[in-house]
Amino acid sequence: MGKLKRYFRKLRDPRAANASYPLLEILVVALAAVLCGAEGATDMADFGRRKIATLRRFLPLENGTPSHDVFSDVFRMLDPEAFERVFRQFMSAFAKFHGLDLSGVIAVDGKSLCGAYERGKSATPMHLVNVFAAKARLALASRKAPGRNESQAALEVLQMLRLKRKIVTADALFCSRAFAKTVLDQGGNYVLALKKNQGKLFAAVERRLGRGGERNSATQLQEVAHDRCERRRATVMHDNSLAETHKFPGIVAIAKITSWRRYKGRPADKPFVRYFLLSKYLRAEKFLEVARSHWSIENQMHWILDVVLAEDANRARKDDAPENLAVLRRFALNILRAHPDQISMRRKVKAAAWDDDFLLSLFGQKR
């Protein structure tokens, strides 16, 4: 808790100097509320009022707990870039304290906040680009997509990160020269999905992998739920020529994954082929592992945010509230995940709400 308070104190209070409730207390109560399943300002106020005795074990709360209007106003006015910067700094220290390894695959993907739209504009909600450490299963950073331009947001968020000894993965939306150069400039390597939006480059990779030549291959068979079986075959080839001929920074290898899916009692589906660009040569077994790890951002971050922390259902939409609340939920996600109890994230949220000792243990106040 001491470290969390120290980082929150770095934030400038956007309110008048005579505000009744310290910014630190507002943010800590809000975070505790989200850890217990709160979704918005009203929930935070209700939580604070009902849990004030517990909260006073680590906060003074001389003026009691804030009203829902105070929570709403603070998150609308707080500088989201400064809040995100504090999040990144805290998570770096948090990972080191808990011995979490942030090396390996760093997945980048966009996500819409489906409830963050003005009336009559449900087709254009706010978009964020998230960065997720697959091995540690921690959210590392996020960035609002300006004008819903996720490619620009991805460049901005990558420039905030140190990527040495990391492999950045992303889908075909982010397969661009600017993205590849930014990853390399920050000291990382990339594995980027390639589709026909890169027409000439896609055709060249398809032709190259279709011809003969030295390559490394591996097959993975996976039994999954609902009577479904999947087989994936990866092929990786050295290729330094495409970086020069197509002016795409850093390409040293190309790869493809061919997937077959079969349901019990039915013939196998047609094979599905995906192509990739690599800035570091990987053997086929390792490449399969890296490509598979990318999807952890969907099922271990985005799914938890939407289903357990109700991000998509949140209707905060005014000023900077959607972005700030998204950062707060990522604080909660990482704190919940790092707790050593071997129970699901949903059960951890319920335990925090029902058991004050468990809530205090999330803040490091009780072991």
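Here's how it looks for Gly115: its modeled amide H is under 5 Å from those of Asn314, which are all 5 or more places away or on a different chain. With 24 Å as the limit on Cα-Cα distance, the pairs of Lys111/Lys256; Lys121/Lys195; Lys10/Lys348; Lys111/Lys195; Lys111/Lys270 that go past it are Lys111/Lys256; Lys121/Lys195; Lys10/Lys348; Lys111/Lys270. Note on Arg12 and Arg228: the model spin-label points, each 7 Å out from Cα along the C-beta direction, lie 4.9 nm apart. In the chain, the longest principal axis of the Cα atoms and the axis of helix 23-35 are about 60 degrees apart.
In this simple spin-label approximation, Trp295 and Arg57 carry label points 7 Å from Cα along the Cα→Cβ vector, and these lie 4.1 nm apart. Pairs of Cα atoms in the chain fall into 10 Å distance bins, from 0 up to the last occupied one, in shares of 5, 22, 29, 23, 14, 6, 1, 0 percent. Residues in the chain average 48 Å² of solvent-accessible surface per residue, probe 1.4 Å, ligands and nucleic acids excluded.
Which net charge results for the neighbourhood of Gly250, defined as the other residues with beta-carbon distances under 9 angstrom from its beta-carbon, given Lys and Arg at +1 and Asp and Glu at -1? Its environment carries a net charge of +2.
By the Kirkwood approach, averaging reciprocal distances over each pair of separate Cα atoms, region 31-145 gets a hydrodynamic radius of 16.7 Å.
Counting charges near Lys166 (Lys, Arg +1; Asp, Glu -1) among other residues having Cβ under 12 Å from its Cβ returns a value of +4.
Here's how it looks for Leu138: its modeled amide H is under 5 Å from those of Ala133, which are all 5 or more places away or on a different chain.
Backbone phi angles across region 271-276, fed through the Karplus curve with coefficients 6.51, -1.76 and 1.60 (θ = phi - 60°), yield HN-Hα couplings of x, 10, 10, 10, 10, 9 Hz in residue order; Gly and Pro are listed as x. Can you give the charge dipole size of the chain about its Cα centre, rounded to the nearest 20 debye, using +1 on the beta carbon of Lys and Arg and -1 on the beta carbon of Asp and Glu? Once rounded to the nearest 20, the dipole reads 1160 debye.
Between the Cα long axis of helix 345-354 and the first principal axis of the chain there is an angle of about 10°, rounded to the nearest 10.
As I understand it, the value is the acute angle between the Cα axis of helix 321-338 and the longest principal axis of the Cα atoms of the chain; what does it come to in degrees, rounded to 10? So the inclination is approximately 80 degrees. Considering only Asp269, Asp101, Asp227, the Gaussian network model of the chain with Cα springs below 10 Å gives its largest mean-square fluctuation to Asp227. For Lys195 and Lys96, the difference between the fully extended length at 0.36 nm per residue and the C-alpha to C-alpha distance is 31.9 nm.
The values are calculated or read from the model by the stated rules, or taken from the named source; none is laboratory data. Here the structure is a predicted model, which is why all the values come from computation and not from measurement. Methodologically, a virtual Cβ is constructed for each residue, glycine included, from the backbone with ideal geometry; neighbour enumeration extends over all protein chains shown. Remember, those area values only see protein heavy atoms, side chains included, never the ligands or the DNA or RNA. Shrake-Rupley method; radii C 1.70, N 1.55, O 1.52, S 1.80 Å.
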